[in-house]
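This report concerns only the one structure given below.
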Amino acid sequence: MRHPFQRLVVGGAICLSLIALSSTQTTAGDWPAFRGPVGLGVTSDTGFPTAWSEDQNVRWKVKLPNRGNESPVVAAGLVFATSATDDGSERRLHCFDRNDGSEKWTREVAFKAGEMTHQTNPFGAATPAVSGNKVVVWHGSAGLFCYDLDGEQLWSAQPGTVTHIWGYGSSPVIHDGKVLLNFGPGVAQAVIAYDLATGIEVWRHKEPGGTDDRGGRMSGSWSTPVIADAGGQAQVICSLPTRVVSLDPKDGSVIWSCDGLVGKNGDLVYTSPLISKGIGVAMGGYTGPALGFRLDGKGDVTESHRLWHDETKQPQRISSGIIVGDHIFMANAGPGILQCLELKTGKEVWKDRGPGANHWGQMCFADGHLYVTNQKSQTIVFAPNVSKFEQIAVNSLDGSSNSTPAFSDGEIFLRTSGHLYCISMKK
């Protein structure tokens, strides 16, 4: 029987605008970048499993050489994932055949200079992005690399050195022939655009406020930008240490900015912006504030376009949520509670402990269900019910996980600390 919430749409017209803006030249059913084709964790594909285990609905499983916090992406019949040695001296991009998990190729980058990170954030931290016949991967201080789908390196670029005790984590986004990267965190925090064909830097928007001061106020953004549309204008929207900014993808100029991410414990943000119906939502990290805002402003829109701003102590938020209709669904990192919030006010409608583990992986919406994987490699499937938490299933795999599932043509691709899985009901 079809669940009644499967008839809900995500974001209405704004979602259609985002799909039009995606411009990644991938085929229907691809999941070519972090949080999917439009960066919102949403797919229009159907037929995905809601139940699996090590012995059920696993089409294939392959071992990965090291743990990583990145998420798999799927395009052109291929699956891409990253890994790195524990000390970061070798960083890798892996390419697998989506049909049977066989390895097509792996490309290694040596990096002997050393780089700071935290034990919870291994160096395989950024999700690749695919457009047409190109795949782009950011290896932190080792650089940004572009390969063709056969593994031939086309170019490399060096955005700078990441100097933060918690390491790097944002992922590249491809739009309109450019690779967009929220570079940082740290004193060199910036949103940078590169030409996809050549790797030449096109523009760089530097953002003040980043710091790697271990003894002082912590600051930084690990947020992946989202491409949106308002009033017919494309925007690169990114949550930065103290504010949300909208940049013109052509030249990096600021279209608008909205203050509100300064927290009591630091200026930190890990989640990506959420976009729906001309409204954006940004969530601070480390118990920092949350805010909602309209997308159609110019200049500093803090007073004119900020809809709500909640500065009360929030949960630790690393996982980005999903907007369904007029509500936001969140899965938090500490404590690992699930929440439903009102989109237009930010007020909490319900919260539930669920299975209980913390969530670093991003939430996704597929075939009328919400999916989120916690740190115990349990993927919780639940309905977008605005009245209560309505659990559909809890699916466990071996190991731990800080990654986000990829949804493609009725199959789910999951990364754990030790393996890459294809979850499928197909024979």
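The values are calculated or read from the model by the stated rules, or taken from the named source; none is laboratory data. In this text, all values refer to a predicted model and were calculated from it rather than measured experimentally. So basically every Cβ, Gly included, is an ideal-geometry build from the backbone, and we count neighbours across all protein chains shown.
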Yes/no for Arg353 being closer than 30 Å to Asp398 by Cα and crowded, with 24+ Cβ neighbours inside 10 Å = no
Hey, could you check region 378-410 for residues that are among the aliphatic types (A, V, I, L, M), over 18 Å from Phe34 (Cα atoms) and touching a strand residue (DSSP E or B) at 6+ places or on another chain (Cβ under 6 Å) and say which is surrounded by the most Cβ atoms within 10 Å (Cβ to Cβ)?
-> Ile380
Taking the condition in contact (Cβ under 8 Å) with a residue 60 or more places away in the chain and either polar (S, T, N, Q) or buried (at least 24 other Cβ atoms within 10 Å of the Cβ) (or both), does Ala33 pass?
-> yes
Condition check for Val179: outside any loop (DSSP other than H, G, I, E, B) and either of a type outside the set (S, T, N, Q) or under 26 Å from Gln375 (Cα atoms) (or both) = yes
Hits in region 130-158 (condition: assigned to a loop (DSSP other than H, G, I, E, B) and surrounded by fewer than 21 Cβ atoms within 10 Å (Cβ to Cβ)) | Gly132, Asn133, Gly143, Leu149, Asp150, Gly151, Glu152, Gln158
Residues (modelled with pLDDT under 95, among the hydrophobic types (A, V, I, L, M, F, W, C) and within 16 Å of Pro159 (Cβ to Cβ)) located in region 203-222 = none
Within region 314-350, restricting to residues that are part of a strand (DSSP E or B) and among the charged types (D, E, K, R), the one that is surrounded by the most Cβ atoms within 10 Å (Cβ to Cβ) is Glu342
Among strands (runs of 3 or more DSSP E) entirely inside region 62-129, those with 3 or more residues being farther than 24 Å from Ser408 by Cβ are 103-110
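For (1) more than 29 Å from Thr161 (Cα to Cα); (2) touching a residue at least 24 places away in the same chain (Cβ under 8 Å); (3) of a type in the set (Val, Ile, Thr); (4) surrounded by 14 or more Cβ atoms within 10 Å (Cβ to Cβ), each residue gets a yes or a no:
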{"site": "Thr46", "(1), (2), (3), (4)": "yes, yes, yes, no"}
{"site": "Asp55", "(1), (2), (3), (4)": "yes, no, no, no"}
{"site": "Val58", "(1), (2), (3), (4)": "yes, yes, yes, yes"}
{"site": "Val73", "(1), (2), (3), (4)": "no, yes, yes, yes"}
{"site": "Glu90", "(1), (2), (3), (4)": "no, no, no, yes"}
{"site": "Leu93", "(1), (2), (3), (4)": "no, yes, no, yes"}
{"site": "Arg107", "(1), (2), (3), (4)": "no, yes, no, yes"}
{"site": "His118", "(1), (2), (3), (4)": "no, yes, no, no"}
{"site": "Ala126", "(1), (2), (3), (4)": "no, yes, no, yes"}
If you take the residues of region 343-364 that are aliphatic (A, V, I, L, M) and in contact (Cβ under 8 Å) with a residue 60 or more places away in the chain, which of them is nearest to Pro405 (Cα to Cα)?
-> Met363
What's the number of the condition Asp296 fails, among (1) buried (at least 19 other Cβ atoms within 10 Å of the Cβ); (2) in contact (Cβ under 8 Å) with a residue 60 or more places away in the chain; (3) over 29 Å from Ala366 (Cβ atoms)?
-> (1)
Could you please find all residues in region 237-293 being in contact with a helix residue (DSSP H, G or I) (Cβ under 8 Å, 6 or more places away or on another chain) and closer than 22 Å to Trp360 by Cβ?
-> Ile275
With respect to Asn99, is the statement that it is of a type in the set (S, T, N, Q), under 26 Å from Gly216 (Cα atoms) and modelled with pLDDT of 95 or more true?
-> no
In region 383-427, what count of residues is obtained for those that are within 20 Å of the chain's Cα centre (by Cα) and either under 19 Å from Ile318 (Cα atoms) or of a type in the set (Gly, Ala, Ser) (or both)?
-> 12
Region 384-408, residues that are over 17 Å from Ser71 (Cα atoms), touching an Asp or Glu at 6+ places or on another chain (Cβ under 9 Å) and outside any strand (DSSP E or B) | Pro384, Val386, Lys388, Phe389
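One line per residue, one yes/no per condition, for (1) of a type in the set (Asp, Glu); (2) surrounded by 17 or more Cβ atoms within 10 Å (Cβ to Cβ); (3) more than 19 Å from the chain's Cα centre (by Cα); (4) at pLDDT 95 or above:
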position: Trp166; (1), (2), (3), (4): no, yes, no, no
position: Gly169; (1), (2), (3), (4): no, yes, no, yes
position: Val173; (1), (2), (3), (4): no, yes, no, yes
position: Lys178; (1), (2), (3), (4): no, yes, no, yes
position: Ile192; (1), (2), (3), (4): no, yes, no, yes
position: Thr224; (1), (2), (3), (4): no, yes, no, yes
position: Ala230; (1), (2), (3), (4): no, yes, yes, no
position: Leu247; (1), (2), (3), (4): no, yes, no, yes
